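Have a look at the structure below, then the notes.
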Amino acid sequence: MRSKQSDIEALLKKGKHCKFPEEIKPMLATLVDKPVEDEGWLYEIKWDGYRALSYINNGKVEIKSRNNKSFNEKFYPVFDALKKWNRNAVVDGEIVVVNEKGIPDFSDLQAWRSEADGHLNYYLFDILWLDGIDVMGLPLTERREILRSVAPVNDIIKLSENFDATGKEFFELADKMGLEGIMAKKATSHYIPDLRTKDWLKIKTEKRQEAIIGGYTKNEGSSKPFSALLLGLFDGNVFRSLGTVGTGFSINLQKEILQKLKPYETKTCPFVVPPEYNKPSRFRPNPPKATVTWIKPNVVCEISYRELTKDGSIRHPSFKGLRDDKNAKDVIIELPIKIDNIIKEDETLINKKMISSPGKKQRNTFLNPKDEQQTRNIGGHDLKFTSLSKIYWPKEKVCKRDMLNYYYQAAPYMVPYYKDKPQTLNRYPHGINGETFYQKDVKGKVPGWIKTFPYHSYADNRDKEFLVITDEASLLYVAALGCIEINPWSSKIQTPDHPDWCIIDLDPDKNTFNQVIEASCVTKKILDAIGVTSYCKTSGSTGLHIYIPFGSKYTYEDSKEFGRALAKLIYAEIPKYTSIERKVADRDGKMYIDFLQNRPQATVAGPYSLRPKPGAPVSMPLHWEEVKKGLKITDFNIFNAMDRLKSEGDIFKGVLGKGIDLTKALKKIESIS
C-alpha cells in the first residue's frame, strides 16, 4: 500500500538537497553462513541477476552496471520502461530473467538477446535520490516507503518485497523454490556507496564464486569448442589458479564464450604457477591429452561449487555464466562469515508474497534492436539473420528486423495454414520499392533441414524442388530471404492434388472498396443459402479473400469448378461492377471474381501474412460482422496485428476443418441457378 503524498513529502524533508548525481557506486553486502534471526532486520530475495543502478533525469535514462557499463541497449525493455517514468530519480536494483513461475535464472539472463529469450524484470530494492533530494542518509525503512510510493511498477519493473520472517524458515523456503539465496538488511541502515557493509548480509542456498578466466583446454579428439576453462583470482597483483570448470555449458554457449575470449588470447601463461591441466588424478589416472590457449585475465565468470579445498581450489564446479558487469580486479574469494559473529538469533513470521510471476510466456521480439547480424536457435536450427536495419517500408520506417519480429510473434497462429505446403517465394531483398523476383526452385540452395517437394519443369526439362514450410524455423527462414509475403499452396505435400480450401478472390480494378465489401456480402449470402460455411480475410492489398473449407477431400478440379459455379451466381447478383472474364481487357475495369486461384500451384498471400504495400498491411481474418462499410485494408498492419491476434485469437481456424459436403452444395447451387 502506497503512503500518502503528505507522508512522503515529510520524509523527503529529512533528506539533503543536492544536484543530480552522475555516478554512484553501489553498496555491497557481506556473505554469511546462515540466516540472521535477530530483531530489526528486513528480508528480501537475493535476485540471481545483474546489479543495476538507474539514473532518470529530465527524460534521460542511464542504466549502469556495478563496473559502470551501460545496460541501456543490452536490456532495452527495461530502458524503455524507465523512459516512461515521469520522475527524476536514482534507484538501485537487479535485472533478472524469470521463468513462468517468476523464478530467476542467471543462465537465461546470460543468453538473453531479446524478449524471445525470456521475461525481463527489474527488481527495485532501494532509492538514493529523488527530485533534488539525496535520501541515502535516511533509514532503509523510510527509503523503502519512498520507493514504494513512486516506483513505476508494471510488467517489467517490480518492487523487491521485504519480508518480516524467521530467517531460517525464509531461507529454507528460498532453497526449496530454487532461488539463489536471501538478503538480510538492517531496517535502520543508511545507504553508503562503495562499501561492503555488515548492515547488509547475503546468505546463499548454494556456494557461488566469481572467477577470472585465464585460459581454456581442448582434449585430443574432442569435437567440443573447448573442454574446460582455467580459472583464477588475483592475490594483489599475482594471478593464482582456482581450478578448472568443465560442466554447465551448451555447445552454443561455448561458442559465445570463445568469441568473448578471442580478443584476450595470449602466448604467455597469466598464472604465477601454471596449472597442471594434463596432470593424472586418483579418478583420472590417464587423462586425455589436452592443449591450452592462454587468456589475459580480464573476463569474469560465475560458478557454483561444492566446497573449497585447503589449498584454495574449487571442487565439483559448474559454470553459471559470464559476468560482464564485474571488473576482474574487483573479484575476491568470498568465504561466508559465521553469523554468530554478527548477530544473535530470534524469530518472526513470513507474511508477504515472495515473488511475482509474469504468467504464461508472451511472445515479443526475438531480435534485439542493436546487432545488425544475429544468429538465433529456432527449433534446434541456428538461423542467421543479416542486414536487419535495412528499411523494407520506407514511409513507415519499418525495417527487416521489425518484419522478422512480427513473423516470430505471429508464427504460432500462422504455421497451421502453411505447414507441409510448398511455397512460391516472392522475394524483396531491398524492401517494397526495390527489385523483386519470384523463386520456385530451391534445389541445392537451402539447408538440409529444410523440406522440399519435387516437380518437373517442362520449360527447361529439369527436375526442381519447391521449398516446404514445416514449422516455425522454416517460416522464419523464408522471411529472412526477404519474403515479405508468404504464399502457400492450398494443398499439403501429403495430398498434393487435394486442397485444404477453395478460394474466391475478389480482385477490384476501378472499383471502390465498398463495392468489394458488398460483393463479399453477396458471396456470404449465397453460401449461407446453400448451407456452406465460409471465412473472410483481407488480402492485405486491395481485395478480400473468401475461404471455404475442403478438408483435402476434393481435387483441385473440383475446387475450381465449384468456384466457377459460385462466381457465376455472384456475378448474376451484381453484374454492373463485377466480371468473370479471365482476360483483363474484357473486364471493362470491373471487379474480377477470381475462381482460378483454385488450381494446382496457384498461390495467394496466406492468413496473417504481411504484404509489400504502403502501410505494411497484414492479410487479416475477419469476423463476418466486420465486413461492412467503413472497413479499410489499412485497418490491419504490422503495428497492430499482434494486439488483435492476442485479443481475438485465431478466428480463421475453421478453414482447416473437415470440409463441406460438395455434392450437396452443388445440388443446391443447381436448384437456385
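The values are calculated or read from the model by the stated rules, or taken from the named source; none is laboratory data. If you're wondering where the values come from, they're calculated on a predicted model, not measured in any experiment. Don't worry about glycine lacking a Cβ; one is built from the backbone with ideal geometry, like all the others, and counts go over all protein chains shown.
The rows are residues; the columns are (1) within 21 Å of G482 (Cα to Cα); (2) in contact (Cβ under 8 Å) with a residue 12 or more places away in the chain.
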site: I593; (1), (2): no, yes
site: V618; (1), (2): yes, yes
site: E625; (1), (2): no, no
site: I672; (1), (2): no, yes
Exercise for the section: May I ask you to verify whether L124 is touching a residue at least 12 places away in the same chain (Cβ under 8 Å), of a type outside the set (S, T, Y), over 20 Å from V36 (Cβ atoms) and assigned to a loop (DSSP other than H, G, I, E, B)? Expected result: no
Exercise for the section: Please list, ordered by first then second residue, the pairs with beta carbon atoms under 6 Å, 6 or more apart or interchain, first in the range 552-570 and under 11 Å from H498 (Cα atoms), second in a helix (DSSP H, G or I). Expected result: Y554/L662
Practice task
Go through (1) surrounded by 14 or more Cβ atoms within 10 Å (Cβ to Cβ); (2) modelled with pLDDT of 95 or more; (3) more than 22 Å from R611 (Cα to Cα); (4) not hydroxyl-bearing (S, T, Y) one by one and return the number of the condition G657 breaks.
Solution key: (2)
Problem - Single unsatisfied condition, I146 versus (1) in a loop (DSSP other than H, G, I, E, B); (2) in contact with a helix residue (DSSP H, G or I) (Cβ under 9 Å, 6 or more places away or on another chain); (3) closer than 26 Å to K83 by Cα; (4) not charged (D, E, K, R) - result: (1)
Exercise for the section: Consider R401 carefully, then state whether it is out of contact with any Cys (no Cβ under 6 Å at 6 or more places or on another chain), surrounded by 22 or more Cβ atoms within 10 Å (Cβ to Cβ), of a type in the set (D, E, K, R) and not assigned by TED's automatic domain parsing to the domain that holds S619. Expected result: yes
Problem - Every residue from the range 369-426 that is of a type outside the set (A, V, I, L, M) and under 21 Å from W501 (Cα atoms) - result: P412, Y413, P416, Y417, Y418, K419, D420, K421, P422, Q423, T424
Fill in the blank from the handout: Only one of (1) touching a Ser or Thr at 6+ places or on another chain (Cβ under 8 Å); (2) within 30 Å of F652 (Cβ to Cβ) does not apply to K384, and that is (2)
Fill in the blank from the handout: Of the residues in the range 58-82, those that are surrounded by 17 or more Cβ atoms within 10 Å (Cβ to Cβ) and part of a strand (DSSP E or B) come to V61, E62, I63, K64
Problem - Complete set of residues in the range 207-247 that are buried (at least 16 other Cβ atoms within 10 Å of the Cβ), farther than 21 Å from I333 by Cα and under 29 Å from the mean Cα position of the chain (by Cα) - result: P225, F226
Handout entry: Residues within the range 79-118 that are aromatic (F, W, Y) and more than 28 Å from E145 (Cα to Cα), tallied
Key = 2
Handout entry: Filter result (closer than 26 Å to T555 by Cβ, of a type outside the set (A, V, I, L, M, F, W, C) and out of contact with any Cys (no Cβ under 8 Å at 6 or more places or on another chain)) within the range 584-604
Key = Y592, D594, Q597, R599, P600, Q601, T603
Problem - Answer from A29, A52 - the residue that is in contact with a Gly (Cβ under 7 Å, 6 or more places away or on another chain), touching a residue at least 40 places away in the same chain (Cβ under 8 Å) and small (G, A, S) - result: A52
Completion exercise
Within the range 284-326, residues in a strand (DSSP E or B), of a type outside the set (D, E), modelled with pLDDT under 90 and farther than 22 Å from I95 by Cα come out as Y305, L308, I314, R315
Problem - Hey, P270 surrounded by fewer than 16 Cβ atoms within 10 Å (Cβ to Cβ), free of Cβ contacts under 8 Å to residues at least 60 places away in the same chain, farther than 25 Å from F170 by Cα and in the same structural domain as H316 (by TED's automatic domain parsing) or not - result: no
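Conditions tested, residue by residue: (1) modelled with pLDDT of 95 or more; (2) over 30 Å from E169 (Cβ atoms).
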{"residue": "E39", "(1), (2)": "no, no"}
{"residue": "S54", "(1), (2)": "yes, yes"}
{"residue": "G59", "(1), (2)": "no, yes"}
{"residue": "R87", "(1), (2)": "no, yes"}
Practice task
Quickly run through the range 327-367 and pick out the residues that are closer than 28 Å to T244 by Cα, modelled with pLDDT of 90 or more and assigned to a loop (DSSP other than H, G, I, E, B).
Solution key: N327, V331
Practice task
Filter the range 75-121 for residues that are in contact with a strand residue (DSSP E or B) (Cβ under 9 Å, 6 or more places away or on another chain), touching a residue at least 60 places away in the same chain (Cβ under 8 Å), of a type outside the set (A, V, I, L, M, F, W, C) and over 16 Å from N364 (Cβ atoms) and give the result.
Solution key: R87, N88, D92, G93, E94, G102, P104, S107, Q110
Fill in the blank from the handout: Filter the range 518-551 for residues that are hydrophobic (A, V, I, L, M, F, W, C) and under 19 Å from N637 (Cα atoms); the one that is surrounded by the fewest Cβ atoms within 10 Å (Cβ to Cβ) is C536
Problem - Single residue of the range 613-630 satisfying the filter (in contact with a strand residue (DSSP E or B) (Cβ under 8 Å, 6 or more places away or on another chain) and either over 15 Å from Y535 (Cβ atoms) or polar (S, T, N, Q) (or both)) that is surrounded by the fewest Cβ atoms within 10 Å (Cβ to Cβ) - result: P614
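Anything in the range 368-383 that is part of a strand (DSSP E or B) and in contact (Cβ under 8 Å) with a residue 24 or more places away in the chain? List them, or say none.
Those that are part of a strand (DSSP E or B) and in contact (Cβ under 8 Å) with a residue 24 or more places away in the chain: Q374, R376, N377, I378, H381, D382, L383.
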